[in-house]
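Contents: one structure, followed by commentary.
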Amino acid sequence: MFEDIKSRITETEVGKIVALAAIDGTPEGVAKEAEKYLSSNNLHFYGWLDDNKILGICGFEIHVDKVEIHLIAVAEERHHQGIGSAMVTALQNTYHLPLEADTVGEAVGFYRKSGFETMAFPDPEWGAKYTCVLKYRCPWADSDDELMREYHDIQWGKPCFDERTLFEMLTLEGAQAGLSWSCVLHKRENYRAAFDDWDIAKIAAYSEDKVAELLQNPGIIRNKLKIRSTIGNAQAVLKLGSLSDFIWSYVDGKPIVNAWKEQSEMPAKTELSDRISKDMKKQGFSFVGSTIIYSYLQAIGVVNDHITSCAFREVSK
């Protein structure tokens, strides 16, 4: 549990953990560092507790546009157990702001592993110091999964009109049914290779031999119904003429931009996804239920569902 411990922790208790992260590791330096956190009115002092035992501490300051981290330290016997990353996540989920920290030495590795962007600048004493910045993302993408973060930052919610990419995302969203998005995303390149770089005409002409080959491919989800659905959907796209024109006609080519403050506010489906799902089924598509279609609309930017505090929420004016 991550909670405020400033009012009840002693300087000695602080020092035990501060010593692990203090630049000046001498007893005097540790005491000075500990006293700084306990006496400052501007610094918040939180701890990661388990059965009332302090396993990690975090000293930080809240600004209008960011949370400035002054210290993150974890008890030595609890290193490499994810407590530091858990405190980072707790800060983001609590304040919904970018995080920033200045650090030196090995600590920069922790921040990089936690998804921070790092910039080095010269320092006469240390050779280099680092400013580490973690932009605030939608919570579903705020993880140690670099591929998930990259997908969220670069693609999700961005308007897409490319036929192959639109078909790719329709296939991947259908493949996700009953599975996690992370599982599918990590197979994305395997899918691209297996399905001829998403050449819709080629996929529409796949034979039974090709189906059998795909069912033996360990790099994709080997579900016969989903594989046959991809082929049938390719055939349906060819009959439509343009998947892009079909999908974007429902919003007159202009994305729907929502303004959710919390991820929990997002619906699993809407009247629009209900309508598109129904129409696609009439056109011969499968694995296009309303929930799948709403996720698809989010992925291709027909719907922009980045929460309002997300640093990657780009809204055209």
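The values are calculated or read from the model by the stated rules, or taken from the named source; none is laboratory data. Bear in mind that the values here come from a model prediction, so they are computed numbers and not experimental data. Counting neighbours? That spans all protein chains shown, and the Cβs are built from the backbone with ideal geometry, glycine included.
One table, with the values for the structure above:
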{"quantity": "So Glu213, is it buried (at least 16 other Cβ atoms within 10 Å of the Cβ) and either charged (D, E, K, R) or not assigned by TED's automatic domain parsing to the domain that holds Arg275 (or both)", "calculated": "no"}
{"quantity": "The range 270-317: number of residues that are polar (S, T, N, Q), under 19 Å from the mean Cα position of the chain (by Cα) and farther than 19 Å from Leu243 by Cβ", "calculated": "3"}
{"quantity": "Residue check, Asp24 modelled with pLDDT of 75 or more, part of a loop (DSSP other than H, G, I, E, B) and either among the charged types (D, E, K, R) or touching a Pro at 6+ places or on another chain (Cβ under 9 Å) (or both)", "calculated": "no"}
{"quantity": "Considering residues of the range 100-156 that are under 30 Å from Leu172 (Cα atoms) and small (Gly, Ala, Ser) only, the residue surrounded by the fewest Cβ atoms within 10 Å (Cβ to Cβ)", "calculated": "Ser143"}
{"quantity": "Positions within the range 171-184 being in a helix (DSSP H, G or I) and not aliphatic (A, V, I, L, M), in sequence order", "calculated": "Thr171, Glu173, Gly174, Trp181, Ser182, Cys183"}
{"quantity": "Scan of the range 89-137 for residues that are under 20 Å from Phe2 (Cβ atoms), part of a loop (DSSP other than H, G, I, E, B), touching a residue at least 24 places away in the same chain (Cβ under 8 Å) and in contact with a helix residue (DSSP H, G or I) (Cβ under 9 Å, 6 or more places away or on another chain), ordered by number", "calculated": "Leu97, Pro98, Ser114, Gly115, Tyr136, Arg137"}
{"quantity": "Any hit, the range 222-245, residues being under 23 Å from Pro159 (Cβ atoms), buried (at least 19 other Cβ atoms within 10 Å of the Cβ) and out of contact with any Phe, Trp or Tyr (no Cβ under 8 Å at 6 or more places or on another chain)", "calculated": "no"}
{"quantity": "Top-ranked residue in the range 153-170 [being part of a helix (DSSP H, G or I) and at pLDDT 95 or above; ranked as farthest from Cys183 (Cα to Cα)]", "calculated": "Glu163"}
{"quantity": "Boolean, Ala201 is surrounded by 14 or more Cβ atoms within 10 Å (Cβ to Cβ) and out of contact with any Phe, Trp or Tyr (no Cβ under 8 Å at 6 or more places or on another chain)", "calculated": "no"}
{"quantity": "Residues of the range 281-300 satisfying the condition of being in contact (Cβ under 8 Å) with a residue 24 or more places away in the chain and either in a helix (DSSP H, G or I) or not assigned by TED's automatic domain parsing to the domain that holds Tyr151 (or both)", "calculated": "Ile292, Ile293, Tyr294, Ser295, Tyr296, Leu297, Gln298, Ala299"}
